[in-house]
Amino acid sequence: MRIEPYLFFDGNCEAALTFYQHCLGGQVAELRRFRGSPMEDQLPAAWLDKVMHAKFEADGHRFMASDRTPGQPFGGHAGYYMAVNLPGDPVRGEHVFKALATGGMITMPFATTFWGAHFGMLVDKFGVGWMVNCEMAP
């Protein structure tokens with residue numbers, strides 16, 4: 001069994017995936033659009049080139065994403081954070097943190113914590129919350 005996050009966006013999924021590719025060094029492993037799908041005739045023309053389903057992979061991990069369909073409720077990205085753990089590499093952790101924070105809002109600066117890790121929290125420019133953690137060897 002594998003449990004994977006699935007992010008929904010309000011029409012800007014492709015831009016978010018491009019941003020995450022830059023920030024996390026991963027890649028979009030699969031991207032399907034609404035155009036050509038069984039849903040094509042149910043959507044406005046402006047929505048056909050939006051992302052119906054995508055898979056993003058980085059360092060052996062992945063999440064999935066899509067644009068919600070028009071009329072589908074979109075409550076944003078409240079109630080969860082995506083967690084990135086970069087064990088023993090605070091330099092890379094800070095780089096990832098700063099990249100994800102570009103255009104977003106830092107809610108806890110990336111710093112050394114009382115539990116011996118480097119850690120920070122932010123909400124990116126797409127409204128997705130992120131926690132970046134770098135556990136250090138004891």
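Given the criteria modelled with pLDDT of 90 or more, within 27 Å of Ala111 (Cα to Cα) and surrounded by 12 or more Cβ atoms within 10 Å (Cβ to Cβ), does Met64 qualify? Here the answer is no, as Met64 does not meet what is asked. Restricting Thr113, Thr69 to those that are closer than 26 Å to Arg2 by Cβ, open to solvent by less than 70 Å² (accessible area, probe 1.4 Å) and modelled with pLDDT under 95 reduces the list to Thr69. The one condition from (1) under 16 Å from Asn12 (Cα atoms); (2) modelled with pLDDT under 95 that Lys55 does not meet is (2). Among the residues of segment 13-45, those that are over 18 Å from Ala101 (Cβ atoms), touching a Phe, Trp or Tyr at 6+ places or on another chain (Cβ under 8 Å) and not aromatic (Phe, Trp, Tyr) comprise Gln27, Val28, Ala29, Glu40, Leu43.
Taking the numbered list (1) more than 20 Å from Tyr6 (Cβ to Cβ); (2) touching a residue at least 40 places away in the same chain (Cβ under 8 Å); (3) in contact with a Gly (Cβ under 7 Å, 6 or more places away or on another chain); (4) open to solvent by less than 40 Å² (accessible area, probe 1.4 Å) in turn, Gly127 passes all entries but (1). Determine which single condition Thr102 fails, assuming it passes every other condition in (1) open to solvent by 40 Å² or more (accessible area, probe 1.4 Å); (2) at pLDDT 95 or above; (3) β-branched (Val, Ile, Thr); (4) touching a strand residue (DSSP E or B) at 6+ places or on another chain (Cβ under 7 Å). Failing condition for Thr102: (4). So for segment 102-116 (the condition being within 25 Å of Phe9 (Cβ to Cβ) and either in contact with a Lys or Arg (Cβ under 6 Å, 6 or more places away or on another chain) or charged (D, E, K, R) (or both)), does at least one residue qualify? Yes, there is a match, as at least one residue in segment 102-116 is within 25 Å of Phe9 (Cβ to Cβ) and either in contact with a Lys or Arg (Cβ under 6 Å, 6 or more places away or on another chain) or charged (D, E, K, R) (or both). Residues of segment 81-99 that are surrounded by fewer than 17 Cβ atoms within 10 Å (Cβ to Cβ) and in contact (Cβ under 8 Å) with a residue 60 or more places away in the chain: Ala99 alone.
Being more than 15 Å from Arg62 (Cα to Cα) and not aliphatic (A, V, I, L, M) is the requirement here; does Glu30 meet it? Criteria not met by Glu30.
The values are calculated or read from the model by the stated rules, or taken from the named source; none is laboratory data. All values derive from a computational prediction rather than experimental measurement. Reconstructed Cβ throughout: ideal geometry from the backbone, glycine too, with neighbour counts over all protein chains shown. Each accessible area value is taken on the protein alone, full model and side chains, heavy atoms only, with ligands, DNA and RNA left out. Shrake-Rupley method; radii C 1.70, N 1.55, O 1.52, S 1.80 Å.
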